[in-house]
Amino acid sequence: SPGDRKDQVIRYDWGKKRASFSLDSGTRHADLKVPSYDKLSYQIQLRLDLLAGQLQTPKTYHLVDRGRHKQYRVEKIGEQTISAGKRQIHTVKLRQTTAGKDRETFIWVAPDLDFLIVRMERNEDDEQIQMQLKSVNLDIAAF
């Protein structure tokens, strides 16, 4: 839940296909599938896949987090115009589900901003968490 301590240090040994996770509670290990992502590299790969047009059909990403394996399934569910400040932004809306969990995250990305995430929304345990981009200043656009 929000506010929980989620810091971790991950050490990858791709030769042995194994990762070590240093956590507050100790160290955990996980075998790696290729490709495997952590939460940050997953977001980068998702954006690269969108830029390459590879998300026309649902795709599953294998993650390792805190020594545990997760599978995120991402699918495009539509397009939507959303407001960001005084600007209207055309977005592609994605749904991310986690295997074995009854929760979903909606992600809005802006094709005109190279698929930058402009909004996220998660419904979990009767709680709704939202994140909305308020402003951005990039070489390609400013609003």
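The values are calculated or read from the model by the stated rules, or taken from the named source; none is laboratory data. For clarity, every value in this text was computed on a predicted model and none was experimentally measured. Every residue, glycine as well, gets a Cβ built from its backbone with ideal geometry; the counts of neighbours run over all protein chains shown.
Looking at the stretch 29-43 only, could you name the residues that are charged (D, E, K, R) and either touching a residue at least 24 places away in the same chain (Cβ under 8 Å) or assigned to a loop (DSSP other than H, G, I, E, B) (or both)?
Of everything in the stretch 29-43, those that are charged (D, E, K, R) and either touching a residue at least 24 places away in the same chain (Cβ under 8 Å) or assigned to a loop (DSSP other than H, G, I, E, B) (or both) turn out to be LYS33, ASP38, LYS39.
Of all residues in the stretch 95-112, those satisfying the criterion of being at pLDDT 90 or above and either among the basic types (Lys, Arg) or farther than 22 Å from GLN71 by Cα (or both) are ARG95, ALA110, PRO111, ASP112.
The selection criterion, being part of a strand (DSSP E or B), of a type outside the set (Gly, Ala, Ser), farther than 23 Å from ASP7 by Cα and touching a helix residue (DSSP H, G or I) at 6+ places or on another chain (Cβ under 8 Å), holds for VAL109. Scanning the stretch 44-73 for residues that are farther than 12 Å from GLN96 by Cβ, without any contact (Cβ under 8 Å) to a residue 24 or more places away in the chain and under 13 Å from the mean Cα position of the chain (by Cα) returns ILE44, GLN45, LEU48, ASP49. When LYS39 is tested against the conditions (1) basic (Lys, Arg); (2) farther than 29 Å from LEU94 by Cβ; (3) touching a strand residue (DSSP E or B) at 6+ places or on another chain (Cβ under 7 Å), the lone failure is (2). Total residues in the stretch 28-43 satisfying the condition of being loosely packed, with under 15 Cβ neighbours inside 10 Å, under 19 Å from VAL109 (Cβ atoms) and touching a helix residue (DSSP H, G or I) at 6+ places or on another chain (Cβ under 9 Å): the figure is 0.
Once the stretch 44-92 is narrowed to residues that are of a type in the set (Lys, Arg), in a strand (DSSP E or B) and surrounded by 14 or more Cβ atoms within 10 Å (Cβ to Cβ), the residue that is modelled with the lowest pLDDT is LYS70. Just to be sure, is LYS86 of a type outside the set (S, T, N, Q) and either closer than 30 Å to LEU32 by Cβ or out of contact with any Phe, Trp or Tyr (no Cβ under 7 Å at 6 or more places or on another chain) (or both)? Spelling it out, LYS86 is indeed of a type outside the set (S, T, N, Q) and either closer than 30 Å to LEU32 by Cβ or out of contact with any Phe, Trp or Tyr (no Cβ under 7 Å at 6 or more places or on another chain) (or both).
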